[in-house]
1. Can you tell me how many residues within the range 62-94 are in a helix (DSSP H, G or I), in contact (Cβ under 8 Å) with a residue 40 or more places away in the chain and closer than 15 Å to Cys384 by Cα?
2. Do you know which of the residues in the range 63-77 that are open to solvent by less than 40 Å² (accessible area, probe 1.4 Å) and over 17 Å from the mean Cα position of the chain (by Cα) is nearest to Pro38 (Cα to Cα)?
3. Among Phe124, Phe134, which is within 22 Å of Tyr61 (Cβ to Cβ) and free of Cβ contacts under 8 Å to residues at least 40 places away in the same chain?
4. Quick one: in the range 267-295, of everything that is touching a helix residue (DSSP H, G or I) at 6+ places or on another chain (Cβ under 8 Å) and open to solvent by 60 Å² or more (accessible area, probe 1.4 Å), which residue is farthest from Thr242 (Cα to Cα)?
5. Scan the range 349-399 for residues that are of a type in the set (Ser, Thr, Tyr) and either out of contact with any strand residue (DSSP E or B) (no Cβ under 8 Å at 6 or more places or on another chain) or open to solvent by 60 Å² or more (accessible area, probe 1.4 Å) (or both) and report the count.
6. Only residues that are open to solvent by less than 10 Å² (accessible area, probe 1.4 Å), among the aliphatic types (A, V, I, L, M) and touching a residue at least 40 places away in the same chain (Cβ under 8 Å): list them for the range 304-318, please.
7. Can you find a residue in the range 181-189 that is surrounded by fewer than 16 Cβ atoms within 10 Å (Cβ to Cβ) and of a type in the set (A, V, I, L, M, F, W, C)?
8. For the range 332-348, give me the residue count where each residue is in contact with a Phe, Trp or Tyr (Cβ under 8 Å, 6 or more places away or on another chain) and open to solvent by 10 Å² or more (accessible area, probe 1.4 Å).
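The values are calculated or read from the model by the stated rules, or taken from the named source; none is laboratory data. This structure is a prediction, so every number in the text was calculated from the model and none was measured. Please note: Cβ atoms are built from the backbone with ideal geometry, for glycine as well, and neighbour counts cover all protein chains shown. All accessible areas refer to the heavy atoms of the entire protein, side chains included, with ligands and DNA or RNA removed. Shrake-Rupley method; radii C 1.70, N 1.55, O 1.52, S 1.80 Å.
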Amino acid sequence: VEQKCPLHRRLTDDGGEGQRRPSRSHATIVPVPSNSAPRLSVLLETSCLADGRAQAGIGRYARQLRRSLVTIPGLDISSLEVRPPVSESRPGRFYQAQLPALLASRRHKPHILHGVGGEPVAGFPPSRQVVTLFDMELWRGDRPPAARGMALRAHAAVQARLLRNCAAFIAISDASAREAVATLDIDPDRVHVIPMGVGAVFTATPAPYDEEALARAGLRTDGYLLWAGSLRHHDPRKALDTLLDAIARVDDARPLALVGAAGDEAERVSAEARLRGIEVVLCGRVEDSDLAALYRHASVTVISSRHEGFGMPALEAMASGCPVVSTDGGNLGELVSGAGIAVAVDDAQALAEGIREVLSRPRRRDELRRAGLARAADYTWQACAEATAAVYRLAAASA
């Protein structure tokens, strides 16, 4: 039995009629396992849930995927439990996770090992490994100076060598898939595009606790702009200075709510905002139910990123009925276009015009709200898990 799954497709340059098409239009035909198929044992390498990635999009992906995979018939799911790493450096957390991963593989004897945090496991047969690819920042991003930069280059070379031999890859977007193929020189036939989902808590329906959630975050219900992400460390890809430049150009006194884990970057952005006369509310990290409430009551969610492998805040905002104004960096252009306002990367003026358009035109705001809800309805964690299970079976069949 075969069926087309719109959220699972292989990267392809040819739409099937001899011409190049956007890969969104090409759906892979995914085999659906029968009830009589043997059970497949899968070990999830989830060391990302013990380090800084736990509070980022990678951690959300790992938690939600694990929760949904256990509902898929024919799978026996186990996951790796590790202690927080001694070092948050990429090499440090990777090497600390290797021994626990190998010990877990000996204990569970899985058919397939899935690196859900983006990293393979050295010592486990690569022909039985599936790895999720989020972005190519390790290979394409700026390098720190001196010894740390040399260590990252060496680690990147090791990771690339391990990855090239893996059985299959799950890319969270077409953009991530294209970058992975170009950067790592991997076979496009082994790359399966499976977008993330959005949790059921993110809904446009008001909840009784909404006002309490806003109060906990230090916000009022009379309108604010919202940005969500990590503020622990400076990340040039988030382009938060462009965000501040754009808001400073908008003739509107609404505060900017920054939601996410606080750190040095939160202090820096707050200081820069004060210099521009922008009121900033640092909401800190909040639970998903509170985050959904913050999205519901925001006037607009603004995303200024130069690049996003997926763009989870944009999807969650749309699912919560909040209009989105973003750049078109990475996957954002495809995710937001037609359901929000997408502008060029690093263009503060265009970002400001998009914000003004939402704030000043109620009909346009309602139109974007409806379009965002329709777009978000296409993305569920259950569909993500089902497509992921199909990749496991393909990888196991070829091992």
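1. Filtering the range 62-94 for residues in a helix (DSSP H, G or I) gives 62-69, 90-94.
Next, only the ones that are in contact (Cβ under 8 Å) with a residue 40 or more places away in the chain stay: 62, 64-69, 90-91, 93-94.
Imposing the further condition that a residue be closer than 15 Å to Cys384 by Cα reduces the set to 62, 64-69.
Selection size over the range 62-94: 7.
2. Step one: of the range 63-77, the residues open to solvent by less than 40 Å² (accessible area, probe 1.4 Å) are 64-65, 68-69, 72, 74-75.
With the extra rule that they be over 17 Å from the mean Cα position of the chain (by Cα), the set shrinks to 69, 72, 74-75.
Working: Leu69: 16, Ile72: 13, Gly74: 7, Leu75: 9 Å.
Here the residue is Gly74.
3. From the options Phe124, Phe134, the qualifying one is Phe124.
4. Top of the filtered list is Arg285.
5. Counting residues in the range 349-399 that are of a type in the set (Ser, Thr, Tyr) and either out of contact with any strand residue (DSSP E or B) (no Cβ under 8 Å at 6 or more places or on another chain) or open to solvent by 60 Å² or more (accessible area, probe 1.4 Å) (or both) gives 4.
6. Leu315, Ala317, Met318
7. Yes, the conditions are met somewhere in the range 181-189.
8. Qualifying residue count for the region: 0.
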